[in-house]
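For reference, the structure discussed in these notes is given below.
The values are calculated or read from the model by the stated rules, or taken from the named source; none is laboratory data. Not measured: the values here are computed from a predicted model. With ligands, DNA and RNA removed, areas are computed over all heavy atoms of the protein, side chains included. Shrake-Rupley method; radii C 1.70, N 1.55, O 1.52, S 1.80 Å.
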Amino acid sequence: MICKITKKKLIPFMSFGKMPIANGFLRKKQFKSEFFFNLEVGFSKSISLFQLNEHPKPKQMFNNNYPFFTGSSKGMIQHFKKYSQWVKKNYGKKIKHLIEIGSNDGTFLSNFDNKKINVMGFEPSKNVAQISRKKGIKTINKFFNFNNAKKFKKLKNNIDVITAANAICHVPNLISLIKGINFLLKQRGVFIFEEPYLGSMYLKGSYDQIYDEHIFIFSLSSINKIFNLFNFELIDGIPQKTHGGSMRYVIARKGIFKKSKRVNRLLLNEKLKNIDNYKGCLKFKKKCENSKKKLISMLKKYKKNKLKIAGYAATSKSTTILNYCNINTKYLDYICDTTKEKIGKYSPGMHIPVVSMDHFKNNPPDKSFLFAWNHKKEIFIKEREFTKKKRWFAHIKI
Ligand code: TYD
């Protein structure tokens, strides 16, 4: 097992077992041919990088039927509006060209006036890219990598800002992506991206952030070390509340901008909390094992008391919890979700039926596993009555 960046030996430290594609919601007739892989994580010491050992090919995950739409959460729509305002305020005074990597349904890019700024998204999943195009956003239905970036010769060293959100950790060939950025970015350009943060995952024990699409769980230390290898540097880091704790990273070419005091402080904090070293991995492993034991015994208790249990939101994250803890229809009657592409199908691996929100309203369970715990603010308001009766639970503190 080797690190995807340094090609040096990786230290594997934990397996979550046999795992299906996290977003691979399927029909009964597909059960037999379902794809599984070993979800194992490892740590690359020299660049402090937490990563998957084995993973499916990107095309197996991001295809014509990708069922994740950024715009399905009101909270995320608001977040992307604020994110775009922050970009404009801090880096966008004179920008002419902006690219988003993994632009999904165009939720972020729709905040820019494309009469004033040339915006362009790269989105490999065709069905999602089409939604973005319908909003009038120029969308390239391709993966962002060096080869595809080179096709835009006229834009060479011409892009002011390249952004991404919850996309860079999906890219196994990060080296090619960085070369693509290097090709397109201006001398004084910046690359800004947000990803689920390793420090938050460690703190909460939210191991459900680990699934096929999340090839890497980044920290400031790892991002700093990776980009340094390619003549870039981390100049700022801004913690975010999204996805249960994310980090916004700002990258520039070496020696152009001053590093913020904040990023230096955050980097030091990672050292103090073992987020940049192997000790942190071992502590996290223990946390996961304890969480699994606690969750199973709680579910058994609920079932002994004849409680009806359901899942709320068929998230990608739920695939890791359900398969790692072996939670099937013996425990959960159904999982409700708002996504029409998931309703009527079954959850990956454990084959729990995915139903509409009406089903939840008409057949409310006694207890509900909140799989979209990262959207709890929005969901607790929406499900006021259920929340009042304290019927939610999760594998972590919510
Ligand atoms: P998210 O945590 O963003 O997903 P993931 O783990 O896949 O990255 O949650 C998205 C899923 O949650 C999506 O299937 C829609 C569903 N969802 C609801 O069903 N109701 C809601 O109120 C919200 C916010 C999400």
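Descriptive notes on the structure:
- Ellipticity estimate at 222 nm from DSSP helix runs (n ≥ 4, -39,500 (n - 2.57)) divided over the chain, nearest 500: -9500 deg cm²/dmol
- Accessible area per residue, Å², the range 146-283 with all protein chains present, probe 1.4 Å: 39 Å²
- The chain: angle of helix 74-91 to the longest principal axis, Cα-based, in degrees nearest 10: 20 degrees
- Surface calculation, 1.4 Å probe, protein heavy atoms: residue 262 sits at approximately 90 Å² accessible.
- Helix 278-304 axis, angle to the chain major axis (alpha carbon atoms, nearest 10°): 30 degrees
- The base-10 log of I(q)/I(0) for the chain, evaluated at q = 0.11 Å⁻¹, reads -0.81 [Debye formula, identical scatterers on Cα atoms, solvent excluded].
- Gap separating the Cα centres of the range 163-209 and the range 86-105, nearest whole Å: 15 Å
- Mean projected area of the convex hull spanned by the Cα atoms of the range 306-393, taken over all viewing directions: 5.4 nm².
- Cross-link pairs beyond the 24 Å C-alpha cut-off, checked among 304/345; 81/241; 4/153; 138/377; 294/367: 304/345; 4/153; 138/377
- Alpha carbon centroid spacing (whole Å) that separates the range 294-354 from the range 17-73: 18 Å
- Tail weight of P(r) past 18 Å, computed on alpha-carbon pairs of the range 53-210, percent: 59 percent
- Only protein atoms count toward the accessible area here, which uses a 1.4 Å probe; on the chain, the carbon and sulfur part of that area reaches 52 percent.
- In degrees, nearest ten, helix 174-184 long axis to first principal axis of the chain (Cα): 40 degrees
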